[in-house]
Amino acid sequence: MIEHLQRLFLYNHWANREVLAALETVGSPPAQSVRLLAHILSAERLWLERLRIQPQTQPVWPEFLLAICRREIEDLHGLWNSYLSALGESDLAAAVEYKNSKGENWTSRNDDVLQHVIIHSAHHRGQIVALLRAAGHTPPYVDFIHAVRQGLVK
């Protein structure tokens, strides 16, 4: 299962980079699309901090410029690789306790959190694609199967 998650996080990294490249290319991207990318990255960091039982370092909805998004994408890639590499199969079923952004206490399995990170990011990338298309731009093609077919995720 860990190898599968590593593969999904590799896809996630690639897809985030593709979205960033598209936003940089359009010159003046829709503000909401930049806000959504910043949220994706901040949420990914927040979930990693929760898994590592560390304090939250960024707001859930930060005001990042694209240059900060680029740095976050690369930083998160290394952090997730390190986290997943140190994980054992038995760690996946372990639970982590945390407070959500509303201050509510929750307990979730590590593997459920990791799946959530991937699904949450894909959801918001879909919103970014829709915003770019509505603004008359050609959005990036960030489907998982596309990345696999192109050999970008093995």
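Using Cα springs under 10 Å in a Gaussian network model of the chain, which residue among Asn110, Asn100, Asn12 shows the largest mean-square fluctuation? Among Asn110, Asn100, Asn12, the largest mean-square fluctuation in the Gaussian network model of the chain belongs to Asn100. Over all other residues within a Cβ to Cβ distance under 13 Å of Pro140, the charged ones net out to 0, with Lys and Arg as +1 and Asp and Glu as -1. Note: relative contact order over the chain, using C-alpha pairs below 8 Å and six or more positions apart, is 36 percent. Each part reduced to its alpha carbon centroid, the stretch 6-30 and the stretch 60-125 end up 17 Å apart. Under the convention that each Lys and Arg Cβ holds +1 and each Asp and Glu Cβ holds -1, the size of the dipole of the stretch 2-154 around its Cα centre is about 320 debye. Against the chain, whose longest principal axis comes from its Cα atoms, helix 31-51 is set at around 10 degrees. Taking Ile40, Ile53, Ile118 as the candidate residues, the one with maximal mean-square fluctuation in a Gaussian network model of the chain, Cα springs under 10 Å, is Ile53.
Packing around the peptides 101-108, 62-69, taken as the average count of other Cβ atoms within 10 Å per residue, puts them in this order, highest first: 62-69, 101-108. Shown here: Cα extents along the principal axes in Å, derived from the displayed model; of the candidates (1) 45, 41, 22; (2) 46, 37, 22; (3) 71, 24, 20, it corresponds to (2). Label the stretch 1-50 by shape, choosing from rounded, prolate and oblate, from the square roots a ≥ b ≥ c of the eigenvalues of the Cα gyration tensor; if a/c is under 1.5 it is rounded, and otherwise prolate applies when a/b is larger than b/c, oblate when it is not. Since a/c reaches 1.5 but b/c is at least a/b, the shape of the stretch 1-50 is classed as oblate. The share of alpha-carbon pairs in the stretch 89-154 lying farther apart than 17 Å comes to 62%. Dipole check for the stretch 1-85: with +1 at the C-beta of Lys and Arg, -1 at the C-beta of Asp and Glu, and the Cα centre as origin, the magnitude is about 100 Debye. Each Lys or Arg adds one and each Asp or Glu subtracts one; over the other residues with Cβ under 13 Å from the Cβ of Val129, this totals 0. Go ahead and estimate [θ] at 222 nm for the chain from helices alone: -39,500 (n - 2.57) per DSSP H run with n ≥ 4, summed, over the residue count, rounded to 500. Calculated mean residue ellipticity at 222 nm is -21500 deg cm²/dmol.
Read-outs: derived from the displayed coordinates by stated rules, not from any lab. Everything numeric in this text was worked out from a predicted model, so none of it was measured. Note that we place each Cβ from the backbone using ideal geometry, even for glycine, and neighbour counts take in every protein chain shown.
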